[in-house]
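The values are calculated or read from the model by the stated rules, or taken from the named source; none is laboratory data. Computed from a prediction, not measured in an experiment: that's the story for all the values here. Note: ideal-geometry Cβ built from the backbone for every residue, glycine included; neighbour counts use all protein chains shown.
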Amino acid sequence: MKMLPKSGQSLLVRTDFSDQAAWQLLAVEAEAENEDGCMAHLDMIDDPAFIDAAAPRLRAAVPTNEYGASVLFAADLRTLTEEGSPVIVIALGEDPTAFRCAVSELWAVGKTSTSQTWTGKLSPRTPGPPGSSVGSSKRDFSGTRTSCLG
């Protein structure tokens, strides 16, 4: 199995290759600064080796990286076609949690700590990928690099 690259930033991995224009738009939206000056810093992975890869396969493809991010983002067909572009957020720690987050809120995933609960815009109340936990998990994703100037 091909491994993902080591990075100090979170990765956004493309797993659907049906619409190049939608992927390009998602990549721009994912790192766009919001009205408060907040933005995510991501490395985009556009590699057909990860076509249709589910959360467990992507998690297994992450190399050991003690300074890397604690989450991995994935863009599947649902991400590229639904309003709000619900990106899959995959925890890389011991707890294999996965849920969806609107692309405009990716920056906030790194701001959430174990004392906060995933609710509202960060975890839409819609089904995530099989085996995912949506909307009620307490997790520490503080390793994800974000910027908020506001």
In the range 76-91, the residues that are more than 19 Å from K6 (Cα to Cα) and of a type in the set (A, V, I, L, M): L77, L80, V87, I88
Count of the range 59-83 residues which are in a loop (DSSP other than H, G, I, E, B) and without any contact (Cβ under 8 Å) to a residue 60 or more places away in the chain: 7
Any hit, the range 72-86, residues being within 13 Å of the chain's Cα centre (by Cα), on the phi > 0 side of the Ramachandran plot and modelled with pLDDT of 95 or more: yes
Neighbours by Cβ (under 6 Å, 6+ apart or cross-chain): first from the range 34-46, over 22 Å from S70 (Cβ atoms); second in a loop (DSSP other than H, G, I, E, B): D36/G150; G37/L149; G37/G150
Top-ranked residue of the range 1-49 - restricted to ones that are of a type in the set (S, T, Y) and under 16 Å from the mean Cα position of the chain (by Cα), ranked as farthest from V109 (Cα to Cα): T15
Within the range 1-58, strands (runs of 3 or more DSSP E) holding 1 or more residues that are modelled with pLDDT of 95 or more and closer than 22 Å to G84 by Cα: 10-14, 42-45
Complete set of residues in the range 1-33 that are among the small types (G, A, S) and in contact (Cβ under 8 Å) with a residue 60 or more places away in the chain: S7, G8, S10, S18, A30, A32
Filter result for F73 (hydrophobic (A, V, I, L, M, F, W, C) and over 15 Å from V109 (Cβ atoms)): no
